[in-house]
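Structure first, then comments.
The values are calculated or read from the model by the stated rules, or taken from the named source; none is laboratory data. Nothing here was measured: the structure is a model prediction, and the numbers come from that model. Every residue, glycine among them, receives a Cβ derived from its backbone with ideal geometry; neighbour counts consider all protein chains shown. We work out accessible area using only protein heavy atoms, side chains counted, and drop any ligands, DNA or RNA first. Shrake-Rupley method; radii C 1.70, N 1.55, O 1.52, S 1.80 Å.
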Amino acid sequence: MNSKILITGFNGELGSKTLDFLAKKNSKIIGIDLSKKTILDDNIDLIQGSISDKELIQSIFDNNIISEVYHFAALLSQTASNNPELATQINEEASKNLINCAMDHGIKNNLKVKFFFPSSIAVYGPRKIHNASEVDIIKPTTIYGINKLAVEQYGTKKHLESDAKNYGIDFRSIRFPGVISNDTVPNGGTTDYAPQMIHAAVNNEQYVCKLSEQTILPFISINKTVSSINQLMNIDTINSALRVFNIQEASFSINDLYKFIQSKFSEFKIEYEIDFKFQSVADTWPSSLNCDEAKNKWDFSSSENVETFILKILNKMMDK
Ligand code: AKB
């Protein structure tokens, strides 16, 4: 039987781009998401279903040889805070179940299933720190951050157990900052203001921002996100007990972002209506990330400043 790649959350921002990327490499893919999508490609089998459906997940592993898992299905931070029980069910319990299924599958088939988990800067807190390294103060204040941290730790533990058994899972994870895409506008997250602002400017719309202009957070473009995931997953072995890595391209305040956008779109206007639900979360997330571990262990590279970073995204949006 040919081995396949399992992608959860194939309709989401990261899931859909990763699916496109892996499909171009002619990988055999099984995708699962709540809503349907049809792709006419013999290599791709998309299933409509929930990742909390344990029987469905088990049947995918029982009926296929799965060599890699990309687990994107999740609720973002603000949606999670509004639905804490559902967040724990999807973001933590279903993730742990998926890790267990992948681990058992690896042991049964004498392989190590590569497992990618997208973590988040939400694992940090309670205070805002600068240049956060992987081991800096980690006491998340949100349910989203708590669930992400629990899965990071669970996956790392199962990775160590797999090492001892020689089979099981090879757990790899990235703590993502805000992701900015040139063609989708996210919703439900705390970092959404940056892509929303850029898209509003391009579409000649005014923007109402829920965070203060001094708020500083780190960001990465969707292209760098997908290439970094691929880079991390393509390495045969990562010789490191650390399984979760920080990456970013640029970090900037909302005012910096506004000023830069305005230099290109002079009509663009922003209004501030601070929402405590957003501000109180952003104030616990790091203003920037230290990426040395990713650079040393798997050659992550980034040399952007704020201007070149945003300009590249704007140019892509306007198809220059
Ligand atoms: C969110 O804001 O919820 C996400 C994240 C940083 O995890 N974009």
message: Within the chain, what whole-number % of the accessible surface is contributed by carbon and sulfur, with the 1.4 Å probe and all protein chains included in the calculation?
response: 47 percent
Charge dipole (debye, nearest 20) of region 221-273; +1 at Cβ of Lys and Arg, -1 at Cβ of Asp and Glu: 120 debye
- prompt: Remind me, relative contact order of the chain in percent, using alpha carbon pairs under 8 angstrom and six or more residues apart?
  reply: 18 percent
- line: Counting only protein heavy atoms and rolling a 1.4 Å probe, one gets per residue an accessible area for region 233-312 in Å² of 49 Å²
task: Evaluate the charge dipole of the chain about its Cα centre and quote only its size in Debye, nearest 20, assuming +1 on the Cβ of each Lys and Arg and -1 on the Cβ of each Asp and Glu.
output: 480 debye
task: Leaving ligands, DNA and RNA out of it, work out the accessible area of K114 with a 1.4 Å probe and give it in Å² to the nearest 10.
output: 30 Å²
- prompt: Quick one: how many Å² of F268 are accessible to a 1.4 Å probe, rounded to 10?
  reply: 10 Å²
- request: For every helix of n ≥ 4 consecutive DSSP H residues, a contribution of -39,500 (n - 2.57) applies; sum these over the chain, divide by its total residues, and give [θ] at 222 nm rounded to the nearest 500 deg cm²/dmol.
  value: -12000 deg cm²/dmol
- prompt: If the cut-off is a Cα-Cα distance under 23 Å, which lysines reach K96, setting aside same-chain residues fewer than 8 apart in sequence?
  reply: K4, K54, K108, K112, K114, K139, K148, K157, K158, K165
message: Nothing charged except the Cβ atoms of Lys and Arg (+1) and of Asp and Glu (-1): what's the magnitude of the dipole of region 149-215 about its Cα centre? Round to the nearest 20 debye.
response: 280 debye
query: Near K316, which aspartates and glutamates are there with a Cα under 17 Å away, not counting those fewer than 8 places off in the same chain?
result: E13, D183, E249, E304, E307
statement: Helix 254-264: inclination vs the chain longest Cα principal axis, degrees, rounded to 10, gives 70 degrees
- prompt: Ignoring ligands and nucleic acids, what accessible area does V135 show with a 1.4 Å probe (Å², nearest 10)?
  reply: 130 Å²
- line: For A250, the residues 5 or more places away or on another chain with a placed amide H closer than 5 Å to its own amide H are F219
message: Using +1 at the C-beta of Lys and Arg and -1 at the C-beta of Asp and Glu, which of H199, I220, F265 has the Cα lying farthest in the positive direction of the dipole of region 182-320?
response: I220
- prompt: Can you give me the Cα centroid spacing of region 74-98 and region 122-140 in angstrom?
  reply: 20 Å
query: Around F265, which amide H atoms from residues at least 5 apart in sequence, or from another chain, sit under 5 Å from its own amide H, with H modelled in the peptide plane?
result: none
task: Enter the angle in degrees (range 0 to 90, nearest 10) between the Cα long axis of helix 13-24 and the first principal axis of the Cα atoms of the chain, meaning the one along which they spread out most.
output: 60 degrees
- request: With a/c under 1.5 counting as rounded, go ahead and sort region 244-320 into rounded, prolate or oblate using the C-alpha gyration tensor (a ≥ b ≥ c being the square roots of the eigenvalues; past the cut-off, prolate if a/b is larger than b/c, else oblate).
  value: oblate
- line: For region 1-110, dividing by residue count, accessible area per residue (probe 1.4 Å) in Å² works out to 47 Å²
task: State the antiparallel share, in %, of DSSP beta bridges confined to the chain, rounding to the nearest 5.
output: 10 percent
message: 5 Å is the cut-off here: which amide hydrogens, built 1.01 Å from N in the peptide plane, fall below it relative to S133, excluding neighbours closer than 5 in sequence?
response: N290
- line: Per-residue accessible area, 1.4 Å probe, largest first, puts S173, S301, S266 in the order S266, S301, S173
